[in-house]
Amino acid sequence: METQVGVGGVFTKAELRQAFPDVAQIDRRVRELRDHNWQIDTHREDPALKQQEQKYVSRGADIWLPGQATASKQKTTLTSTQRAKVWSDDSFLCRTCGIGVGEKYPDGASGTSQLAIARRRVLLADGTTEEQLVTVCGRCVANNTSEVDLAGVLAEVALLSPLEKHALVSWIDAGQRTRGALERVWGVLQTLPAASRSAIEAALQQD
């Protein structure tokens, strides 16, 4: 499948069957991939997908290699409910770069962002760290962005306005990022169908 659909690619079952006509029980094969930590989302995990669509988010074990298909399943596989909660808690925004689902990257790269979930060591307010499930975009997953360049962060801090610096200090003091209502609405807005977005746009123009 990976040779036909890249990370972040969206496909339907019909397209998958056409791409692999010699593979019997294609649905079962996809379930086997999920069982071995391939993340292939449906509209239940990613509200931006249509009912018939699926999305290849991240790679798991190479089950076609000897010994891999019979390897013990990892206990880190998430349920659709767990994924939805992580995305909702993070306002559907990447915790690494801050991009929202379906947005274009600022460097002009082709394609739009797709959301996934990663396990990251997170610094807590008391100075300790713990592993948490966090929302990340497909690019940050592909780049394995788990460490931050301190010099780069300091350079960005220097460019912040006084108001932005004040907000950042308050987040550091609180030990968490406090999202405003506008940011939360924007993150969720990206997951709504076009008709709902148009209704919100119309409501805003009336004010």
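The values are calculated or read from the model by the stated rules, or taken from the named source; none is laboratory data. Note that the structure is a prediction, hence the values are computed from the model and not measured. Glycine gets a Cβ as well: all are built from the backbone with ideal geometry, and neighbour counts include every protein chain shown. Each accessible area value is taken on the protein alone, full model and side chains, heavy atoms only, with ligands, DNA and RNA left out. Shrake-Rupley method; radii C 1.70, N 1.55, O 1.52, S 1.80 Å.
Structure notes:
- Placing a pseudo-label 7 Å from each Cα along the Cα-to-Cβ vector at E15 and W186 gives an inter-label distance of 2.9 nm.
- Between Q52 and K104, the contour length at 0.36 nm per residue exceeds the alpha carbon distance by 16.3 nm.
- Rounded to the nearest 10 square angstrom, W171 shows an accessible area of 80 square angstrom against a 1.4 Å probe.
- Cβ-Cβ distance of I200 and E32, R₀ of 41 Å, FRET efficiency by 1/(1 + (r/R0)^6): the value works out to about 0.50.
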